[in-house]
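Undergrad: Handing you this structure, nothing more for now.
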Amino acid sequence: MAQIEFLDETIRDGQQSLWGMRLQAGMALPAASYLDRTGFRVIDLTGSNHFEVLIRHCRENPWQMMDALVEAMPQTTLRSGMRSNASVTFGTTPDSLMDAWMRQLNRHGARSFWIYDVLFNIDKMLRLARVAKEFGSEVAGAIMFTLSPVHTDAYYADKVDKLAASSDVDTILLYDTAGVLEKERLSTLLPAIVSKARGKPIEFHANNILGQSAKAYLDAIPLGVTILHTASRPMANGPSVPSTEIMANNIELLGHSHGLDKAMLAPVAAHFERVGKAAGFPVNQHNEYNVLSIQHQIPGGMVGTLKAQLAQHGISDRFDDVLREVAIVRRELGYPGMATPFSQLVGIQSVLNVVNGKRYAVIPDEIVQYAAGFYGEPVAPIDANVLDRVMNSPRAREIIAHPPEQPTIEELRKRHGTNDDDTLILRALMPEADLQKMREAGPLKRYFPFFSSPELEQVGRLMQIAKLPFVHLQAGKLSITLRR
(Lines give C-alpha, C1' and ligand atoms only; values in the text may rest on other atoms or scores of the structure.)
Protein backbone atom coordinates (compact mmCIF):
# COMPACT_ATOMS: atom_id res chain seq x y z
CA MET A 1 0.00 0.00 0.00
CA ALA A 2 1.15 3.56 -0.73
CA GLN A 3 1.42 6.78 1.27
CA ILE A 4 -0.34 9.38 -0.91
CA GLU A 5 0.27 13.11 -0.68
CA PHE A 6 -2.26 15.69 -1.84
CA LEU A 7 -1.62 18.96 -3.66
CA ASP A 8 -4.50 21.42 -3.39
CA GLU A 9 -5.79 23.15 -6.54
CA THR A 10 -8.83 24.90 -5.07
CA ILE A 11 -7.61 28.49 -5.47
CA ARG A 12 -5.58 27.95 -8.65
CA ASP A 13 -6.79 25.39 -11.17
CA GLY A 14 -10.18 24.95 -9.51
CA GLN A 15 -11.09 28.59 -9.80
CA GLN A 16 -9.33 28.89 -13.16
CA SER A 17 -11.37 26.04 -14.61
CA LEU A 18 -14.72 27.03 -13.10
CA TRP A 19 -14.55 30.77 -12.49
CA GLY A 20 -12.40 31.95 -15.39
CA MET A 21 -9.68 33.08 -12.92
CA ARG A 22 -12.01 35.66 -11.31
CA LEU A 23 -11.15 34.60 -7.75
CA GLN A 24 -10.15 37.60 -5.62
CA ALA A 25 -8.45 37.82 -2.25
CA GLY A 26 -11.67 38.36 -0.32
CA MET A 27 -13.14 35.22 -1.82
CA ALA A 28 -10.26 33.03 -0.63
CA LEU A 29 -8.95 34.52 2.61
CA PRO A 30 -11.76 33.28 4.91
CA ALA A 31 -10.95 29.68 3.93
CA ALA A 32 -7.17 30.05 3.91
CA SER A 33 -6.54 28.97 7.49
CA TYR A 34 -8.53 25.78 6.95
CA LEU A 35 -6.61 24.94 3.79
CA ASP A 36 -3.37 25.66 5.63
CA ARG A 37 -4.25 23.21 8.42
CA THR A 38 -5.50 20.39 6.18
CA GLY A 39 -2.10 18.82 5.65
CA PHE A 40 -1.58 19.34 1.93
CA ARG A 41 1.92 18.74 0.64
CA VAL A 42 1.60 21.94 -1.38
CA ILE A 43 -1.15 24.48 -2.11
CA ASP A 44 -1.14 25.79 -5.68
CA LEU A 45 -1.69 29.51 -5.48
CA THR A 46 -1.43 31.49 -8.70
CA GLY A 47 -0.01 32.01 -12.18
CA SER A 48 0.51 34.82 -14.64
CA ASN A 49 -2.89 34.48 -16.33
CA HIS A 50 -4.53 34.94 -12.94
CA PHE A 51 -2.49 38.12 -12.52
CA GLU A 52 -3.78 39.44 -15.84
CA VAL A 53 -7.44 38.72 -15.05
CA LEU A 54 -7.16 40.23 -11.57
CA ILE A 55 -5.83 43.48 -13.01
CA ARG A 56 -8.08 43.77 -16.05
CA HIS A 57 -11.39 42.47 -14.73
CA CYS A 58 -11.19 42.67 -10.94
CA ARG A 59 -9.03 45.80 -10.50
CA GLU A 60 -7.05 43.99 -7.83
CA ASN A 61 -3.29 44.12 -7.31
CA PRO A 62 -2.13 40.50 -7.70
CA TRP A 63 1.04 41.04 -5.65
CA GLN A 64 -1.09 42.28 -2.73
CA MET A 65 -3.41 39.30 -3.10
CA MET A 66 -0.47 36.90 -3.13
CA ASP A 67 1.05 38.53 -0.04
CA ALA A 68 -2.24 38.26 1.85
CA LEU A 69 -2.68 34.58 1.02
CA VAL A 70 0.93 33.73 1.81
CA GLU A 71 0.53 35.42 5.19
CA ALA A 72 -2.70 33.52 5.82
CA MET A 73 -1.14 30.10 5.05
CA PRO A 74 2.21 30.01 6.87
CA GLN A 75 2.29 26.24 7.50
CA THR A 76 2.07 25.04 3.90
CA THR A 77 4.40 25.31 0.92
CA LEU A 78 2.75 27.46 -1.76
CA ARG A 79 3.17 26.91 -5.50
CA SER A 80 3.04 28.98 -8.66
CA GLY A 81 3.12 27.90 -12.29
CA MET A 82 5.71 29.03 -14.83
CA ARG A 83 5.56 28.66 -18.61
CA SER A 84 9.18 28.52 -19.64
CA ASN A 85 9.23 31.00 -22.48
CA ALA A 86 6.26 33.24 -21.75
CA SER A 87 4.56 33.60 -18.40
CA VAL A 88 3.76 37.16 -19.36
CA THR A 89 1.10 37.31 -22.14
CA PHE A 90 0.42 34.55 -24.68
CA GLY A 91 3.38 35.63 -26.80
CA THR A 92 7.03 34.97 -26.12
CA THR A 93 8.86 36.73 -23.28
CA PRO A 94 12.55 37.64 -22.93
CA ASP A 95 14.54 35.25 -20.75
CA SER A 96 15.61 38.11 -18.48
CA LEU A 97 11.99 39.01 -17.72
CA MET A 98 11.12 35.35 -17.08
CA ASP A 99 14.00 35.13 -14.60
CA ALA A 100 12.82 38.32 -12.88
CA TRP A 101 9.29 36.94 -12.74
CA MET A 102 10.56 33.76 -11.06
CA ARG A 103 12.58 35.75 -8.53
CA GLN A 104 9.64 38.01 -7.64
CA LEU A 105 7.30 35.07 -7.08
CA ASN A 106 9.88 33.62 -4.72
CA ARG A 107 10.33 36.93 -2.92
CA HIS A 108 6.57 37.08 -2.38
CA GLY A 109 6.56 33.65 -0.77
CA ALA A 110 6.10 30.92 -3.39
CA ARG A 111 8.45 28.01 -2.64
CA SER A 112 7.25 25.42 -5.13
CA PHE A 113 6.95 25.76 -8.90
CA TRP A 114 5.66 23.64 -11.73
CA ILE A 115 7.56 24.62 -14.86
CA TYR A 116 6.29 23.62 -18.25
CA ASP A 117 6.81 24.11 -21.94
CA VAL A 118 4.30 22.54 -24.31
CA LEU A 119 6.98 22.22 -27.01
CA PHE A 120 9.51 21.03 -24.41
CA ASN A 121 12.22 23.65 -24.71
CA ILE A 122 14.06 21.81 -21.94
CA ASP A 123 16.92 24.31 -21.77
CA LYS A 124 14.51 27.10 -20.89
CA MET A 125 12.72 24.96 -18.30
CA LEU A 126 15.99 24.10 -16.58
CA ARG A 127 17.21 27.69 -16.64
CA LEU A 128 14.12 28.74 -14.65
CA ALA A 129 14.60 25.77 -12.34
CA ARG A 130 18.08 27.05 -11.51
CA VAL A 131 16.64 30.49 -10.69
CA ALA A 132 14.09 28.88 -8.35
CA LYS A 133 16.91 27.03 -6.62
CA GLU A 134 18.49 30.38 -5.70
CA PHE A 135 15.71 30.50 -3.10
CA GLY A 136 15.75 26.81 -2.20
CA SER A 137 12.38 26.25 -3.86
CA GLU A 138 10.98 22.93 -5.02
CA VAL A 139 10.63 22.41 -8.78
CA ALA A 140 8.24 20.09 -10.61
CA GLY A 141 9.16 19.43 -14.22
CA ALA A 142 5.87 19.15 -16.06
CA ILE A 143 5.02 16.64 -18.76
CA MET A 144 2.03 18.16 -20.55
CA PHE A 145 0.10 15.18 -21.88
CA THR A 146 -1.96 15.18 -25.04
CA LEU A 147 -3.30 12.47 -27.32
CA SER A 148 -1.95 12.51 -30.84
CA PRO A 149 -0.16 10.20 -33.26
CA VAL A 150 3.18 11.82 -32.40
CA HIS A 151 2.90 11.99 -28.60
CA THR A 152 4.05 8.45 -27.86
CA ASP A 153 5.25 6.90 -24.61
CA ALA A 154 8.80 7.05 -25.96
CA TYR A 155 8.38 10.75 -26.73
CA TYR A 156 7.37 11.51 -23.15
CA ALA A 157 9.98 9.19 -21.63
CA ASP A 158 12.68 11.10 -23.47
CA LYS A 159 11.46 14.40 -22.01
CA VAL A 160 11.33 12.92 -18.50
CA ASP A 161 14.86 11.62 -18.93
CA LYS A 162 16.15 15.10 -19.78
CA LEU A 163 14.27 16.77 -16.92
CA ALA A 164 15.07 14.19 -14.26
CA ALA A 165 18.77 14.30 -15.13
CA SER A 166 18.90 17.79 -13.60
CA SER A 167 19.42 18.09 -9.84
CA ASP A 168 17.28 21.25 -10.00
CA VAL A 169 14.15 19.21 -10.77
CA ASP A 170 12.64 17.57 -7.68
CA THR A 171 9.47 15.92 -8.99
CA ILE A 172 7.96 14.94 -12.33
CA LEU A 173 4.42 16.20 -12.94
CA LEU A 174 2.22 14.30 -15.39
CA TYR A 175 -0.33 16.93 -16.39
CA ASP A 176 -3.39 15.76 -18.34
CA THR A 177 -5.17 19.01 -19.20
CA ALA A 178 -8.02 17.33 -21.07
CA GLY A 179 -8.51 14.39 -18.68
CA VAL A 180 -8.19 11.81 -21.45
CA LEU A 181 -5.83 9.33 -19.77
CA GLU A 182 -7.39 5.94 -19.13
CA LYS A 183 -6.03 2.78 -17.57
CA GLU A 184 -4.88 1.24 -20.84
CA ARG A 185 -2.62 4.19 -21.73
CA LEU A 186 -1.52 4.75 -18.13
CA SER A 187 -0.36 1.13 -17.95
CA THR A 188 2.29 1.84 -20.61
CA LEU A 189 2.90 5.57 -20.15
CA LEU A 190 3.64 5.58 -16.42
CA PRO A 191 6.17 2.71 -16.49
CA ALA A 192 7.96 4.56 -19.30
CA ILE A 193 7.99 7.75 -17.21
CA VAL A 194 8.99 6.06 -13.96
CA SER A 195 11.85 4.25 -15.68
CA LYS A 196 13.41 7.61 -16.59
CA ALA A 197 12.49 9.58 -13.45
CA ARG A 198 15.57 8.53 -11.46
CA GLY A 199 13.49 7.80 -8.38
CA LYS A 200 11.93 11.27 -8.22
CA PRO A 201 8.29 11.45 -7.03
CA ILE A 202 5.60 11.46 -9.70
CA GLU A 203 2.72 13.95 -9.43
CA PHE A 204 -0.52 13.53 -11.37
CA HIS A 205 -2.88 16.32 -12.41
CA ALA A 206 -5.91 15.40 -14.54
CA ASN A 207 -8.79 17.75 -15.26
CA ASN A 208 -12.03 15.80 -14.92
CA ILE A 209 -13.61 16.88 -18.21
CA LEU A 210 -14.64 13.35 -19.17
CA GLY A 211 -15.63 12.41 -15.63
CA GLN A 212 -12.97 9.70 -15.42
CA SER A 213 -10.01 11.39 -13.73
CA ALA A 214 -10.74 10.07 -10.23
CA LYS A 215 -10.54 6.55 -11.65
CA ALA A 216 -7.34 7.48 -13.52
CA TYR A 217 -5.82 8.65 -10.23
CA LEU A 218 -6.57 5.30 -8.62
CA ASP A 219 -5.19 3.40 -11.61
CA ALA A 220 -2.03 5.51 -11.45
CA ILE A 221 -1.14 4.76 -7.83
CA PRO A 222 0.01 1.13 -8.35
CA LEU A 223 2.05 2.41 -11.32
CA GLY A 224 4.12 4.80 -9.21
CA VAL A 225 2.17 8.04 -8.69
CA THR A 226 2.36 9.30 -5.08
CA ILE A 227 1.12 12.92 -5.34
CA LEU A 228 -2.43 13.71 -6.47
CA HIS A 229 -3.81 17.13 -7.46
CA THR A 230 -7.32 17.74 -6.09
CA ALA A 231 -9.66 20.59 -5.13
CA SER A 232 -12.38 21.27 -2.58
CA ARG A 233 -15.61 19.67 -3.84
CA PRO A 234 -17.43 22.87 -4.95
CA MET A 235 -14.32 23.84 -6.94
CA ALA A 236 -13.70 20.33 -8.32
CA ASN A 237 -14.89 18.17 -11.21
CA GLY A 238 -16.38 19.38 -14.45
CA PRO A 239 -13.36 20.96 -16.14
CA SER A 240 -11.53 21.08 -12.79
CA VAL A 241 -9.65 18.26 -11.02
CA PRO A 242 -11.27 15.53 -8.86
CA SER A 243 -12.35 16.49 -5.36
CA THR A 244 -10.14 16.04 -2.33
CA GLU A 245 -13.12 14.57 -0.49
CA ILE A 246 -13.71 11.67 -2.88
CA MET A 247 -10.03 10.92 -3.44
CA ALA A 248 -9.25 10.83 0.30
CA ASN A 249 -12.12 8.39 0.78
CA ASN A 250 -11.16 6.32 -2.27
CA ILE A 251 -7.56 5.78 -1.27
CA GLU A 252 -8.59 4.87 2.27
CA LEU A 253 -11.03 2.27 0.93
CA LEU A 254 -8.23 0.79 -1.17
CA GLY A 255 -5.91 0.56 1.83
CA HIS A 256 -3.63 3.48 1.01
CA SER A 257 -2.81 6.19 3.55
CA HIS A 258 -2.60 9.99 3.57
CA GLY A 259 -1.87 12.80 6.01
CA LEU A 260 -4.95 14.99 5.55
CA ASP A 261 -7.08 16.25 8.41
CA LYS A 262 -10.48 15.56 6.84
CA ALA A 263 -12.22 17.71 9.45
CA MET A 264 -10.84 20.75 7.62
CA LEU A 265 -12.50 19.85 4.31
CA ALA A 266 -16.13 20.67 5.17
CA PRO A 267 -15.64 24.33 6.17
CA VAL A 268 -13.59 24.98 3.03
CA ALA A 269 -16.30 23.42 0.86
CA ALA A 270 -19.07 25.33 2.61
CA HIS A 271 -17.22 28.60 2.12
CA PHE A 272 -16.50 28.22 -1.59
CA GLU A 273 -19.99 26.93 -2.34
CA ARG A 274 -21.44 30.03 -0.70
CA VAL A 275 -19.00 32.38 -2.45
CA GLY A 276 -19.57 30.81 -5.87
CA LYS A 277 -23.34 31.00 -5.61
CA ALA A 278 -23.25 34.58 -4.36
CA ALA A 279 -20.92 35.64 -7.17
CA GLY A 280 -22.85 33.76 -9.84
CA PHE A 281 -19.99 31.34 -10.51
CA PRO A 282 -20.48 27.59 -11.08
CA VAL A 283 -19.85 25.17 -8.22
CA ASN A 284 -20.38 21.43 -7.69
CA GLN A 285 -19.90 20.60 -11.36
CA HIS A 286 -20.21 17.24 -13.11
CA ASN A 287 -19.44 16.34 -16.72
CA GLU A 288 -20.75 13.56 -18.91
CA TYR A 289 -18.42 11.44 -21.03
CA ASN A 290 -18.26 13.19 -24.40
CA VAL A 291 -16.14 11.80 -27.24
CA LEU A 292 -15.84 15.33 -28.67
CA SER A 293 -13.68 16.20 -25.65
CA ILE A 294 -11.16 13.56 -26.74
CA GLN A 295 -11.00 15.11 -30.20
CA HIS A 296 -10.57 18.76 -29.23
CA GLN A 297 -8.77 18.26 -25.88
CA ILE A 298 -9.57 21.78 -24.68
CA PRO A 299 -7.92 21.89 -21.23
CA GLY A 300 -9.95 22.30 -18.07
CA GLY A 301 -8.41 25.66 -17.29
CA MET A 302 -9.56 27.05 -20.62
CA VAL A 303 -13.15 25.81 -20.61
CA GLY A 304 -14.41 28.47 -18.21
CA THR A 305 -12.42 31.18 -19.97
CA LEU A 306 -13.64 30.17 -23.44
CA LYS A 307 -17.27 30.10 -22.34
CA ALA A 308 -16.88 33.54 -20.78
CA GLN A 309 -15.35 34.90 -23.99
CA LEU A 310 -18.12 33.49 -26.15
CA ALA A 311 -20.73 34.94 -23.79
CA GLN A 312 -19.09 38.37 -24.03
CA HIS A 313 -19.44 38.21 -27.82
CA GLY A 314 -23.02 36.95 -27.67
CA ILE A 315 -22.29 33.58 -29.30
CA SER A 316 -22.62 31.17 -26.39
CA ASP A 317 -24.83 28.98 -28.61
CA ARG A 318 -21.85 28.31 -30.91
CA PHE A 319 -19.75 26.60 -28.22
CA ASP A 320 -20.07 23.10 -29.70
CA ASP A 321 -19.27 24.45 -33.18
CA VAL A 322 -16.10 25.99 -31.79
CA LEU A 323 -15.13 22.73 -30.08
CA ARG A 324 -15.49 20.78 -33.33
CA GLU A 325 -13.39 23.38 -35.11
CA VAL A 326 -10.74 23.16 -32.37
CA ALA A 327 -10.27 19.46 -33.14
CA ILE A 328 -9.61 20.30 -36.80
CA VAL A 329 -7.33 23.29 -36.18
CA ARG A 330 -5.28 21.35 -33.64
CA ARG A 331 -4.57 18.63 -36.21
CA GLU A 332 -3.77 21.18 -38.93
CA LEU A 333 -1.29 23.01 -36.69
CA GLY A 334 0.74 19.87 -36.00
CA TYR A 335 -0.88 18.68 -32.77
CA PRO A 336 0.45 21.28 -30.33
CA GLY A 337 -0.12 20.26 -26.74
CA MET A 338 -3.36 21.80 -25.50
CA ALA A 339 -2.03 23.97 -22.72
CA THR A 340 -1.17 27.67 -22.52
CA PRO A 341 -0.39 29.27 -24.91
CA PHE A 342 -1.39 26.81 -27.62
CA SER A 343 -4.80 25.93 -26.24
CA GLN A 344 -5.61 29.63 -26.40
CA LEU A 345 -4.09 30.08 -29.86
CA VAL A 346 -5.95 27.08 -31.27
CA GLY A 347 -9.12 28.21 -29.49
CA ILE A 348 -8.91 31.79 -30.77
CA GLN A 349 -8.23 30.65 -34.34
CA SER A 350 -11.19 28.27 -34.10
CA VAL A 351 -13.50 31.02 -32.85
CA LEU A 352 -12.39 33.28 -35.70
CA ASN A 353 -12.99 30.51 -38.23
CA VAL A 354 -16.51 29.90 -36.93
CA VAL A 355 -17.50 33.55 -36.51
CA ASN A 356 -16.18 34.63 -39.91
CA GLY A 357 -17.63 31.67 -41.73
CA LYS A 358 -14.38 31.34 -43.67
CA ARG A 359 -11.48 29.39 -42.29
CA TYR A 360 -8.22 31.29 -41.68
CA ALA A 361 -9.68 34.51 -43.09
CA VAL A 362 -8.21 36.19 -40.02
CA ILE A 363 -4.96 34.85 -38.55
CA PRO A 364 -3.67 36.17 -35.20
CA ASP A 365 -0.05 37.26 -34.95
CA GLU A 366 0.69 34.47 -32.47
CA ILE A 367 -0.28 31.80 -35.03
CA VAL A 368 2.28 33.28 -37.40
CA GLN A 369 4.87 33.32 -34.61
CA TYR A 370 4.14 29.66 -33.86
CA ALA A 371 4.45 28.67 -37.51
CA ALA A 372 7.71 30.63 -37.73
CA GLY A 373 9.18 28.68 -34.81
CA PHE A 374 9.26 31.53 -32.31
CA TYR A 375 7.87 29.24 -29.59
CA GLY A 376 10.08 26.31 -30.53
CA GLU A 377 9.84 23.50 -33.04
CA PRO A 378 6.30 22.13 -33.62
CA VAL A 379 5.88 18.51 -32.60
CA ALA A 380 4.56 17.54 -36.04
CA PRO A 381 4.57 19.34 -39.41
CA ILE A 382 1.88 21.96 -39.95
CA ASP A 383 -0.59 21.11 -42.72
CA ALA A 384 0.98 22.42 -45.94
CA ASN A 385 -2.11 24.32 -47.10
CA VAL A 386 -2.60 25.94 -43.70
CA LEU A 387 1.09 26.82 -43.45
CA ASP A 388 0.86 28.50 -46.83
CA ARG A 389 -2.13 30.59 -45.69
CA VAL A 390 -0.41 31.55 -42.47
CA MET A 391 2.86 32.55 -44.10
CA ASN A 392 1.07 34.59 -46.77
CA SER A 393 -1.26 36.38 -44.36
CA PRO A 394 -1.09 40.21 -44.35
CA ARG A 395 1.01 40.43 -41.17
CA ALA A 396 3.32 37.48 -41.75
CA ARG A 397 6.22 39.27 -43.46
CA GLU A 398 6.45 41.95 -40.76
CA ILE A 399 6.22 39.42 -37.92
CA ILE A 400 8.85 37.11 -39.36
CA ALA A 401 11.20 40.08 -39.81
CA HIS A 402 11.03 40.76 -36.06
CA PRO A 403 11.90 37.58 -34.13
CA PRO A 404 11.74 37.61 -30.31
CA GLU A 405 14.25 39.97 -28.76
CA GLN A 406 16.39 39.23 -25.70
CA PRO A 407 16.93 42.52 -23.85
CA THR A 408 18.75 42.52 -20.52
CA ILE A 409 16.86 43.14 -17.30
CA GLU A 410 18.50 46.57 -17.09
CA GLU A 411 17.21 47.44 -20.56
CA LEU A 412 13.71 46.30 -19.59
CA ARG A 413 13.73 48.36 -16.40
CA LYS A 414 14.74 51.41 -18.41
CA ARG A 415 12.11 50.68 -21.07
CA HIS A 416 9.33 50.41 -18.51
CA GLY A 417 10.60 53.27 -16.38
CA THR A 418 11.08 51.44 -13.08
CA ASN A 419 13.71 49.75 -10.95
CA ASP A 420 11.04 47.90 -8.97
CA ASP A 421 10.58 44.44 -10.45
CA ASP A 422 7.05 44.06 -9.04
CA THR A 423 6.08 47.08 -11.11
CA LEU A 424 8.16 45.88 -14.04
CA ILE A 425 6.26 42.60 -14.21
CA LEU A 426 2.88 44.35 -14.09
CA ARG A 427 3.85 46.91 -16.73
CA ALA A 428 5.12 44.17 -19.02
CA LEU A 429 1.91 42.22 -18.43
CA MET A 430 -0.73 44.90 -18.84
CA PRO A 431 -1.35 48.30 -20.49
CA GLU A 432 -0.85 51.31 -18.23
CA ALA A 433 -4.55 52.21 -18.52
CA ASP A 434 -5.53 48.95 -16.83
CA LEU A 435 -2.90 49.40 -14.14
CA GLN A 436 -4.17 52.89 -13.44
CA LYS A 437 -7.74 51.60 -13.01
CA MET A 438 -6.39 48.96 -10.64
CA ARG A 439 -4.62 51.60 -8.57
CA GLU A 440 -7.72 53.80 -8.53
CA ALA A 441 -9.73 50.89 -7.10
CA GLY A 442 -7.75 51.26 -3.88
CA PRO A 443 -6.08 48.78 -1.54
CA LEU A 444 -6.77 45.07 -1.38
CA LYS A 445 -10.30 44.21 -0.24
CA ARG A 446 -10.40 41.35 2.24
CA TYR A 447 -14.17 40.94 2.08
CA PHE A 448 -16.24 39.69 -0.85
CA PRO A 449 -16.11 42.50 -3.44
CA PHE A 450 -19.62 41.75 -4.72
CA PHE A 451 -21.00 42.64 -1.27
CA SER A 452 -19.13 45.95 -1.19
CA SER A 453 -20.32 48.59 1.25
CA PRO A 454 -18.67 50.83 3.86
CA GLU A 455 -20.36 48.84 6.62
CA LEU A 456 -19.15 45.53 5.27
CA GLU A 457 -15.64 46.88 4.86
CA GLN A 458 -15.60 47.63 8.59
CA VAL A 459 -16.91 44.14 9.32
CA GLY A 460 -14.23 42.71 7.07
CA ARG A 461 -11.52 44.48 9.03
CA LEU A 462 -12.96 43.22 12.30
CA MET A 463 -13.19 39.69 10.91
CA GLN A 464 -9.55 39.83 9.86
CA ILE A 465 -8.53 40.86 13.36
CA ALA A 466 -10.69 38.17 14.95
CA LYS A 467 -9.84 35.62 12.23
CA LEU A 468 -13.50 34.76 11.65
CA PRO A 469 -14.06 32.49 8.65
CA PHE A 470 -17.51 33.40 7.32
CA VAL A 471 -19.75 36.36 6.60
CA HIS A 472 -23.32 36.05 5.29
CA LEU A 473 -25.81 38.46 3.83
CA GLN A 474 -29.38 37.32 4.32
CA ALA A 475 -32.34 39.39 3.09
CA GLY A 476 -30.22 42.51 3.27
CA LYS A 477 -29.29 41.83 6.88
CA LEU A 478 -25.69 41.17 7.86
CA SER A 479 -24.99 38.12 9.99
CA ILE A 480 -21.80 36.42 11.15
CA THR A 481 -21.44 32.65 11.24
CA LEU A 482 -18.66 31.02 13.25
CA ARG A 483 -17.24 27.62 12.37
CA ARG A 484 -14.49 25.89 14.24
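Undergrad: Can you confirm whether segment 175-187 contains a residue that is in a strand (DSSP E or B) and in contact (Cβ under 8 Å) with a residue 40 or more places away in the chain?
TA: yes
Undergrad: For segment 236-256, which residues satisfy the criterion of being touching a residue at least 12 places away in the same chain (Cβ under 8 Å), in contact with a helix residue (DSSP H, G or I) (Cβ under 9 Å, 6 or more places away or on another chain) and over 21 Å from Leu174 (Cα atoms)?
TA: Selection gives Glu245, Leu254.
Undergrad: Of all residues being under 17 Å from Gly337 (Cα atoms) and in a loop (DSSP other than H, G, I, E, B) in segment 275-310, which is modelled with the highest pLDDT? Just the residue, please.
TA: By that ranking, first place goes to Gln297.
Undergrad: Looking at segment 191-203, can you tell me whether even one residue there is within 16 Å of Leu254 (Cβ to Cβ) and either under 21 Å from the mean Cα position of the chain (by Cα) or buried (at least 24 other Cβ atoms within 10 Å of the Cβ) (or both)? Can you show your working first?
TA: Step one: filter segment 191-203 for residues within 16 Å of Leu254 (Cβ to Cβ), giving none.
No, segment 191-203 contains no residue that is within 16 Å of Leu254 (Cβ to Cβ) and either under 21 Å from the mean Cα position of the chain (by Cα) or buried (at least 24 other Cβ atoms within 10 Å of the Cβ) (or both).
Undergrad: Would you pick out the residues in segment 110-148 that are part of a loop (DSSP other than H, G, I, E, B), more than 16 Å from Leu174 (Cβ to Cβ), under 18 Å from the mean Cα position of the chain (by Cα) and hydrophobic (A, V, I, L, M, F, W, C)?
TA: Within segment 110-148, Ala110, Leu119 meet the criteria.
Undergrad: I need every pair where a residue in segment 394-411 that is of a type in the set (A, V, I, L, M, F, W, C) has its Cβ under 9 Å from the Cβ of a residue that is surrounded by fewer than 10 Cβ atoms within 10 Å (Cβ to Cβ) and outside any loop (DSSP other than H, G, I, E, B), sequence separation at least 6 or different chains.
TA: Hits for this filter: zero, empty list.
Undergrad: What tally of residues in segment 41-94 results from selecting those that are at pLDDT below 95, open to solvent by 20 Å² or more (accessible area, probe 1.4 Å) and assigned to a helix (DSSP H, G or I)?
TA: Residues that pass the stated criteria total 5.
Undergrad: Taking segment 21-40 as the search range and keeping residues that are within 15 Å of the chain's Cα centre (by Cα) and surrounded by 23 or more Cβ atoms within 10 Å (Cβ to Cβ), which one is nearest to Pro201 (Cα to Cα)?
TA: Met21
Undergrad: Which of the residues that make up segment 95-131 are modelled with pLDDT under 95 and of a type in the set (Val, Ile, Thr)?
TA: Scanning segment 95-131 gives a single hit, Val118.
Undergrad: Return only the number of the condition from (1) open to solvent by 20 Å² or more (accessible area, probe 1.4 Å); (2) in contact with a helix residue (DSSP H, G or I) (Cβ under 9 Å, 6 or more places away or on another chain); (3) not in a loop (DSSP other than H, G, I, E, B) that Leu97 does not satisfy.
TA: Among (1) open to solvent by 20 Å² or more (accessible area, probe 1.4 Å); (2) in contact with a helix residue (DSSP H, G or I) (Cβ under 9 Å, 6 or more places away or on another chain); (3) not in a loop (DSSP other than H, G, I, E, B), Leu97 violates only (1).
Undergrad: Checking Val386 against (1) at pLDDT below 95; (2) in contact with a Phe, Trp or Tyr (Cβ under 8 Å, 6 or more places away or on another chain); (3) crowded, with 19+ Cβ neighbours inside 10 Å, which test does it fail?
TA: Just one mismatch for Val386, condition (1).
Undergrad: Look through Glu252, Glu288, Glu245 and report the one residue that is open to solvent by 30 Å² or more (accessible area, probe 1.4 Å) and over 25 Å from Arg331 (Cα atoms).
TA: The conditions single out Glu252.
The values are calculated or read from the model by the stated rules, or taken from the named source; none is laboratory data. Just so you know, these numbers come straight off a predicted model, no measurement behind them. Here the Cβ is made from the backbone with ideal geometry for all residues, glycine too, and neighbour counts use every protein chain on show. The accessibility values were calculated without ligands, DNA or RNA, using every heavy atom of the protein model including side chains. Shrake-Rupley method; radii C 1.70, N 1.55, O 1.52, S 1.80 Å.
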